[in-house]
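Everything on this sheet refers to the single structure shown next.
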């Protein structure tokens, strides 16, 4: 309080001097540094806006890439499904073809075997007929005591074979 009582004019003078210096500082800042200060803020705001815009663009691009990858994945799955289905159909056709070929081969082999058996039976019957005929003639000659002519032998053999074949 003593200071305020002794120099009331000095306090007021100090306030005026300080206020004047502050106003002068503001005027000088406005004249010489204001454009640079606001330029820094504007550059900062522009950089932030550009960064946000770039981030949005990158997000859109990433979203498009994700959609594209999903479409490609879906297309790939469809192709894989088609390949599997084609392989399944081909396998079924091949299996059917092989079964048909095997059945044809078995049928041919059975027919050949049946034909072979029939041929062998005929050959065996002919052989047996010849042997039976010879034996029959010998037996007949022995029993009858005379020789049979060819026609008589044939009739005797045929009747004997007919009885034998039954």
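The values are calculated or read from the model by the stated rules, or taken from the named source; none is laboratory data. Remember, predicted model here, so these are calculated numbers, not experimental data. Note that we place each Cβ from the backbone using ideal geometry, even for glycine, and neighbour counts take in every protein chain shown.
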Practice prompt. Report, ordered by the first and then the second residue, all pairs with beta carbons closer than 8 Å, sequence separation of six or more or different chains, a first member in region 35-56 that is part of a helix (DSSP H, G or I), and a second member that is surrounded by 10 or more Cβ atoms within 10 Å (Cβ to Cβ).
Written response: 37/29
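Table: residues versus (1) part of a helix (DSSP H, G or I); (2) modelled with pLDDT under 90; (3) loosely packed, with under 10 Cβ neighbours inside 10 Å.
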site: 85; (1), (2), (3): yes, no, no
site: 97; (1), (2), (3): yes, no, no
site: 121; (1), (2), (3): yes, yes, no
site: 146; (1), (2), (3): no, yes, yes
site: 152; (1), (2), (3): yes, yes, no
site: 155; (1), (2), (3): yes, yes, no
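Kindly evaluate residue 31 against the criterion of being exposed (fewer than 10 other Cβ atoms within 10 Å of the Cβ) and in a helix (DSSP H, G or I). Don't jump to the end; show me each part of the working.
On the way: exposed (fewer than 10 other Cβ atoms within 10 Å of the Cβ): yes; in a helix (DSSP H, G or I): yes.
In short, yes.
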Worksheet item: Among the candidates 48, 89, which residue alone is at pLDDT 90 or above and over 40 Å from the mean Cα position of the chain (by Cα)?
Response: 48
Practice prompt. Could you please let me know if residue 128 is in contact with a helix residue (DSSP H, G or I) (Cβ under 9 Å, 6 or more places away or on another chain) and at pLDDT 75 or above?
Written response: yes
